[in-house]
Every structure is written in C-alpha cells, then in structure tokens.
Amino acid sequence: MNITRKTLVYRSRRSPQDALRMRLRELAANRVRFGYRRLTVMLRREGWRVNPKRIYRLYSEDGLTVRTKVRKKLARRSRVPTPRATRPNHSGAWTL
C-alpha cells in the first residue's frame, strides 16, 4: 500500500476554537434542556459567527447531550375490565 509522506505527517490547520468550546459548555451547563440547535441560536445572538454543523461537531466531541426529563410515576390504579357487549352491534367500551 503506497501512502504519501504528506498524508502521514498531516497536521490540521484549523484553530482549536477553545473560546467557542468554553462558551458552548457554559451555555449547555446553564440550559441543560437545550440541544445544539437552540444553543446555536443563542451563540448567534451573542455575536458568534457559527454554523449549526460546527456546533454539532463541537457538541458531540465534548460529549454533551440533552438531559432527558424524569417522568413522574402515575398513582397506581386498579384496572377495570372493559364491559362485554350485551347485544349485536353494541360496543361495551363506549357505554360505561
């Protein structure tokens, strides 16, 4: 397999965007229910020139996720069996 020397020694020229990463982490910590799309809107309002794809990349690289809401458990109720039909064309579930 032939690999060029340039490919082997390649270093990315992209800036690490540390300031953007820090601000994204701060916003995500304050707003735990906001995803990357909503955070993109907030960053744009602050004056950052950002792209949703870039924010998604940084968001996922940093391991950020939207926290899921914990559902309240409903009180346990006893189940009532549905009444059976007593005549033709009669649905027992509609008349309680």
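The figures follow:
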quantity: Förster radius 30 Å - calculated FRET efficiency between residue 76 and residue 31 (Cβ-Cβ, nearest 0.05); calculated: 0.30
quantity: Å² per residue, accessible surface of the chain at 1.4 Å; calculated: 99
quantity: Gain on full stretching of the segment that runs from residue 2 to residue 69 - 0.36 nm per residue minus C-alpha separation; calculated: 19.0 nm
quantity: Carbon/sulfur fraction of accessible area - the chain, other protein chains in place, 1.4 Å, %; calculated: 51
quantity: Set of aspartates and glutamates near residue 53 by C-alpha distance (under 16 Å), chain-local residues within fewer than 8 positions excluded; calculated: 61, 62
quantity: Neighbourhood net charge (10 Å Cβ-Cβ; Lys/Arg +1, Asp/Glu -1) for residue 33; calculated: +4
quantity: Cα convex hull volume per residue for the chain (Å³); calculated: 315
quantity: Estimated [θ] at 222 nm from DSSP helical runs (n ≥ 4, -39500 (n - 2.57)) normalised by residues in the chain, nearest 500; calculated: -11500 deg cm²/dmol
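The values are calculated or read from the model by the stated rules, or taken from the named source; none is laboratory data. Computed from a predicted structure; not experimentally measured. No Cβ is skipped: glycine too gets one built from the backbone with ideal geometry, and neighbour counts run over all protein chains shown. Please note that ligands, DNA and RNA were not included when accessible areas were found on the heavy atoms of the full protein model with its side chains. Shrake-Rupley method; radii C 1.70, N 1.55, O 1.52, S 1.80 Å.
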